[in-house]
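Here's the structure we're looking at; comments come further down.
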Amino acid sequence: MTVSRTTSYAGIAVVVAVLPLLLDPYWTDVFVSIGLYSVLALSLNIILGQAGLFHMGHAAFYAVGAYVTAIANTMWGVPVLWAMPFAGLGAALFAMVVARPIIHLRGDYLLIVTIGIVEIVRIALINNVFGLTGGANGIFGISRPMLFGFKIAKPVHFYYLVWAYVACSILLFRRLENSRFGRALNYIKEDDTAAEGSGVNTASYKLWAFVLGAFWAGMTGTIYAAKMTIISPESFSFWESVVLFAIVILGGGSNRGVLLGAFLLIGLPEFFREFASARMLAFGLAMVVMMIFRPQGMLPPMPRFYKLPERIRCITGKGGDAAAQAGGGA
Amino acid sequence: MEEFFQQLTNGLAVGGIYALIALGYTMVYGVLKLINFAHGDLFTIGAYLGFTLFTAFGLSGLVSGPGGVLLVLVMVMGLVALIGFLLERVAYRPLRSSSRLSAVVSALGASIFFQNAVMLIYGAKFQVYPNDIRPSYVLSIMGIDVPLVRIMMIAASLGLMLALYWFTQRTRIGAAIRATAIDQGAAKLMGIDVNRVISLVFMIGPALGGVAGVMVGLYYGQVDFTMGWVYGLKAFTAAILGGIGNIPGAMVGGLLLGVIEALGAAYISIAWKDAIAFLVLILILIIRPTGLLGERVADKI
């Protein structure tokens with residue numbers, strides 16, 4: 001942990017904490033969305049950013065989590081937040097089943113297959129699979145979450161709930177990145193033949209990256225279901241996955257990059273509402289231009305260093321400062 | 001039997017469209033090892049350009065029978081080929097030497113751009129092709145009624161595929177395309193201008209995709225701006241099914257997928273029609289990633 005990273009996170013935390021005092025309910029709601037997309041993109045980042053697996057079906061895991069929550073809550077009366085771990089487990093189990101046979105596919109093929117999966121999930125939800133998902137209309141009447149006897153209903157309540165969740169996620173994912181697991185994923189991303197050669201069980205690590213990312217996306221689905229109180233298959237279309245993918249890629253794959261990406265892709269369009277129809281056009285163009293001029297994304301992860309000579313540490317420390325300032329600006 | 005035959009011809013007609021689009025994917029993949037995600041949207045652009053030309057001609061009364069349709073098809077081919085050429089220049093050529101992921105993201109960006117450009121120009125509602133162009137005549141083959149437009153579509157797609165096959169196998173430029181697909185470096189050493197070959201591929205593929213767009217407009221009578229990505233994904237499935245990078249494979253894969261989908265929709269469930277194609281995609285990648293006639297795409301672990 002460098003000083004710059006701590007300060008930049010402290011800066012973000014302070015801004016996030018006081019922001020609702022300055023915002024009307026509409027904008028608070030926008031920031032709730034930014035928070036939700038941040039967590040989803042952070043969970044996708046394990047798969048796409050850390051392990052380098054082109055996964056464009058994240059909305060499928062998110063959908064499984066949201067539907068597990070909605071079904072548990074409306075049919076069996078399980079309190080929403082109690083459903084959260086089950087939503088996570090449901091999504092993780094689903095990921096384990098669908099990812100196992102496709103994990104060995106090369107880059108772009110994995111991408112296409114994951115698109116196929118997200119579409120199959122959406123069609124299954126529309127066709128009211130198992131008679132549980134309510135067809136094209138979805139499920140409504142999901143109750144508000146209760147936390148220690150306090151009912152979370154207003155946008156500002158959700159704001160703090162979601163951003164506290166974002167903070168927990170970042171904290172945990174940072175630990176994960178530096179763990180044996182995280183290092184193994186990075187090795188696989190850089191060169192999976194070499195990783196395999198050094199005794200890293202690549203297939204197993206890739207699968208666990210999927211399962212973990214899905215678990216977190218599933219839990220985020222719970223909060224989404226609780227916030228919307230109504231969910232339908234159209235909320236989990238292919239485009240949600242594209243947006244999440246773009247957040248991670250344009251953000252650059254670091255945790256702060258993901259936050260910045262979520263802000264730019266979800267928050268910024270709200271400032272240009274009068275150009276609403278043209279904003280996707282600009283979004284597509286930005287993706288092309290970004291790949292030509294800065295393919296590593298806005299805030300790529302800093303190079304790791306573990307007990308390197310003093311000279312090298314100074315150089316990377318400087319790089320960290322510049323990145324931290326950009327992150328603090330978001 | 002009647003039902004089966006109807007679904008079979010319908011499947012072949014739709015499969016011909018998939019095959020034409022799949023050829024664009026497979027040719028680009030052959031020379032660049034890149035999945036051109038914007039290809040489905042070039043197909044949409046073709047469909048909309050066809051719509052514009054038909055309505056424009058319809059108003060001035062120039063469309064008279066098959067000649068007019070042919071003229072429109074040729075114009076759409078030219079225009080979409082131009083867009084494909086520009087797409088490669090702007091979005092793909094600068095990324096030739098960078099990582100695969102960059103090219104994929106750039107392709108996705110181009111796809112989003114095209115889709116929204118079409119929406120902004122033509123509006124979010126679907127557009128209806130003029131009614132009077134398509135022949136309403138119904139042929140009776142062995143006592144079974146088949147719409148003439150269906151037979152014309154099958155014939156047109158087969159004709160274009162044969163022409164392309166002849167072009168790649170029997171002409172000098174076709175040989176250059178095949179050589180570039182096998183080994184770019186060696187092709188360069190043999191004096192082939194690889195950049196021109198790639199540009200050419202990015203014109204032929206979209207031209208065929210554009211024709212497929214017009215054919216969809218004629219067959220179903222309407223087009224909408226989001227149709228590109230569903231057709232694109234299915235055509236890609238077709239390309240994988242036949243073996244990506246393999247031109248006859250794309251043709252076989254397209255026709256086969258069309259028939260599987262039509263029969264699946266008729267005999268299994270119409271509501272799961274789109275899911276069938278994606279299921280085929282996943283199964284083929286798991287069971288036989290090389291496709292029916294193609295090269296290997298999966299890494300061994």
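The values are calculated or read from the model by the stated rules, or taken from the named source; none is laboratory data. The structure presented is a predicted model; accordingly, all values stated were derived computationally and were not measured. All Cβ positions, even for glycine, are placed from backbone atoms using ideal geometry, and neighbour counts span all protein chains on display.
Brief remarks follow.
- Contacts under 6 angstrom Cβ, first residue in the stretch A:193-217 being away from chain B (no Cβ under 14 Å), partner outside any helix (DSSP H, G or I), 6 or more apart: A:Ala209/A:Ala51
- For the stretch A:186-223, the set of residues classified as in a loop (DSSP other than H, G, I, E, B) and of a type in the set (A, V, I, L, M) consists of A:Val200 only.
- Lone unmet requirement of (1) within 18 Å of the chain's Cα centre (by Cα); (2) surrounded by fewer than 21 Cβ atoms within 10 Å (Cβ to Cβ); (3) of a type outside the set (S, T, N, Q); (4) under 25 Å from B:Ala275 (Cα atoms) for A:Ile103: (1)
- Against the conditions (1) within 27 Å of B:Asn36 (Cα to Cα); (2) at pLDDT 90 or above; (3) hydrophobic (A, V, I, L, M, F, W, C), A:Leu93 satisfies every one except (1).
- Inclusion of B:Leu285 among residues that are in contact with a strand residue (DSSP E or B) (Cβ under 7 Å, 6 or more places away or on another chain) and within 14 Å of chain A (Cβ to nearest Cβ) is warranted.
- Filter result for A:Pro295 (assigned to a loop (DSSP other than H, G, I, E, B), free of Cβ contacts under 8 Å to residues at least 24 places away in the same chain and within 13 Å of another protein chain (Cβ to nearest Cβ)): yes
- Selected residue (only one of B:Ala239, B:Ala262, B:Ala250, B:Ala277 is more than 30 Å from A:His104 (Cβ to Cβ) and either in contact (Cβ under 8 Å) with a residue 12 or more places away in the chain or within 14 Å of chain A (Cβ to nearest Cβ) (or both)): B:Ala262
- Considering A:Ser254, A:Ser241, A:Ser277, the condition of being at pLDDT 85 or above, over 30 Å from A:Ile71 (Cα atoms) and not aliphatic (A, V, I, L, M) is satisfied by A:Ser254 alone.
- Residues of the stretch A:115-125 satisfying the condition of being buried (at least 21 other Cβ atoms within 10 Å of the Cβ) and facing another protein chain (nearest Cβ under 10 Å): A:Ile115, A:Gly116, A:Ile117, A:Val118, A:Glu119, A:Ile120, A:Val121, A:Arg122
- Only a single criterion out of (1) touching a helix residue (DSSP H, G or I) at 6+ places or on another chain (Cβ under 6 Å); (2) more than 21 Å from B:Thr9 (Cβ to Cβ); (3) touching a residue at least 12 places away in the same chain (Cβ under 8 Å) is not satisfied by B:Asp224, namely (1).
- Index of the failed condition, A:Gly57 passing every other in (1) closer than 24 Å to A:Ala136 by Cα; (2) more than 14 Å from every other protein chain (Cβ to nearest Cβ): (2)
- Taking the stretch B:159-237 and the helices (runs of 4 or more DSSP H) fully enclosed by it, the elements with 2 or more residues that are under 20 Å from B:Lys273 (Cα atoms) are at B:194-220.
- Going through (1) away from chain A (no Cβ under 13 Å); (2) without any contact (Cβ under 8 Å) to a residue 40 or more places away in the chain; (3) farther than 24 Å from B:Leu49 by Cα one by one, B:Leu71 falls short only on (3).
- Failed item in (1) touching a helix residue (DSSP H, G or I) at 6+ places or on another chain (Cβ under 6 Å); (2) within 14 Å of chain B (Cβ to nearest Cβ), with A:His104 passing the rest: (1)
- The requirement of being of a type in the set (A, V, I, L, M, F, W, C) and at pLDDT 75 or above is fulfilled somewhere in the stretch A:302-319, by at least one residue.
- Filter result for A:Leu185 (surrounded by 21 or more Cβ atoms within 10 Å (Cβ to Cβ) and touching an Asp or Glu at 6+ places or on another chain (Cβ under 9 Å)): yes
- Qualifying residue in the stretch A:26-42 (condition: touching a Lys or Arg at 6+ places or on another chain (Cβ under 6 Å) and within 19 Å of A:Leu250 (Cα to Cα)): no
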